[in-house]
Amino acid sequence: MNSLPYNRADAWQLRGHTALVTGASKGIGLATARELAGLGADLLLVARDEDYLEQVRVELAEDFPAVQVLACGADLAEAEERLAVFDWIADLGAPLSLLVNNAGGNQPAATLDYTDEACQAIFEQNLFSAFAMCRLAHPHLVQHANAAIVNVGSVSAVTHVRTGSPYGMSKAALHQLTRNLAAEWAVDGIRVNAVAPWYIRTQRSEPALADPDYLDEVLDRTPLRRIGEPEEVAAAIAFLCLPAAGYVTGQVLAVDGGFLSYGF
């Protein structure tokens, strides 16, 4: 018996969902917020710069008047601030059904040049914060029939790129967390997937890509011969949130212009 919705249009929209997007004020996070709002999801936005985040919230609320857009300034690398976000959500009574773990950071360096503190900071930003956010979100997500988590990983979790070993290690662990939670929380009706971007045109990537020689090297390793746009990652994230992806869990979807498939 076919259990898919009779009206397949419903499978391609997110009305009735509330999405918590971290690192939501710029780049991939902001593009994801726009994409999800365009599909009908209400938004809960989190980023460190509270003032700038409020500007973003106002703009999104104006652009998408049919959805609710709320924001909370927080540094998710800090345990107390993660708890504060979920206290805020509890006070709102928001029916959280989607979590996009996009917040992260990096300090590229040679492996021998990292201090213990710098390495720990990268893991806090990229891995431990997402781990904690998933656990804090679980009691909310388990109450929704079509709950989903999407973690923003990286191609550096799969192969060597020049982002530094702690970054690659933290993202590889994030990919594995995705697989573990997908298997463990399937019984709770929560799908867990990840995306793995290559170079995307964001504020963080601008300094490296401003070097024409380096840009040429990047493009030489990218079959599509261009840099990706935040909206292209956001579209992949949105797909993984949709009911249409209801049989997809435990996957890491590369958004890389073919980088990981490149051979010689």
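The values are calculated or read from the model by the stated rules, or taken from the named source; none is laboratory data. These figures come from a predicted structure and were not determined experimentally. Every residue, glycine among them, receives a Cβ derived from its backbone with ideal geometry; neighbour counts consider all protein chains shown.
Miscellaneous remarks
Per-residue answers, yes or no, for (1) at pLDDT below 95; (2) over 30 Å from S165 (Cβ atoms):
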| site | (1), (2) |
| --- | --- |
| E54 | no, yes |
| E62 | no, yes |
| G73 | no, yes |
| L83 | no, yes |
| P108 | yes, no |
| A132 | no, no |
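- If you filter region 66-83 down to residues that are small (G, A, S) and surrounded by fewer than 14 Cβ atoms within 10 Å (Cβ to Cβ), you find that the one that is nearest to the chain's Cα centre (by Cα) is A79.
- Some residue of region 230-242 being loosely packed, with under 14 Cβ neighbours inside 10 Å and either out of contact with any strand residue (DSSP E or B) (no Cβ under 9 Å at 6 or more places or on another chain) or modelled with pLDDT under 95 (or both): no
- Given (1) under 26 Å from Q68 (Cβ atoms); (2) surrounded by 14 or more Cβ atoms within 10 Å (Cβ to Cβ); (3) without any contact (Cβ under 8 Å) to a residue 60 or more places away in the chain; (4) among the hydrophobic types (A, V, I, L, M, F, W, C), number of the condition A94 does not satisfy: (3)
- Matching residues, region 76-89, being of a type in the set (A, V, I, L, M, F, W, C) and under 26 Å from N193 (Cβ atoms): L76, A77, A79, L83, V85, F86, W88, I89
- Residue in region 248-256 that is within 19 Å of A157 (Cβ to Cβ), part of a strand (DSSP E or B), in contact with a Pro (Cβ under 9 Å, 6 or more places away or on another chain) and not hydrophobic (A, V, I, L, M, F, W, C) present: no
- Among the candidates A208, A173, residue that is surrounded by fewer than 18 Cβ atoms within 10 Å (Cβ to Cβ) and either without any contact (Cβ under 8 Å) to a residue 40 or more places away in the chain or of a type in the set (G, A, S) (or both): A208
- Breaking point among (1) within 23 Å of H138 (Cα to Cα); (2) within 17 Å of the chain's Cα centre (by Cα), for G27: (1)
- Within region 102-118, the set of residues being surrounded by fewer than 19 Cβ atoms within 10 Å (Cβ to Cβ) and not small (G, A, S) comprises Q107, P108, T111, L112, D113, Y114, T115, D116, E117.
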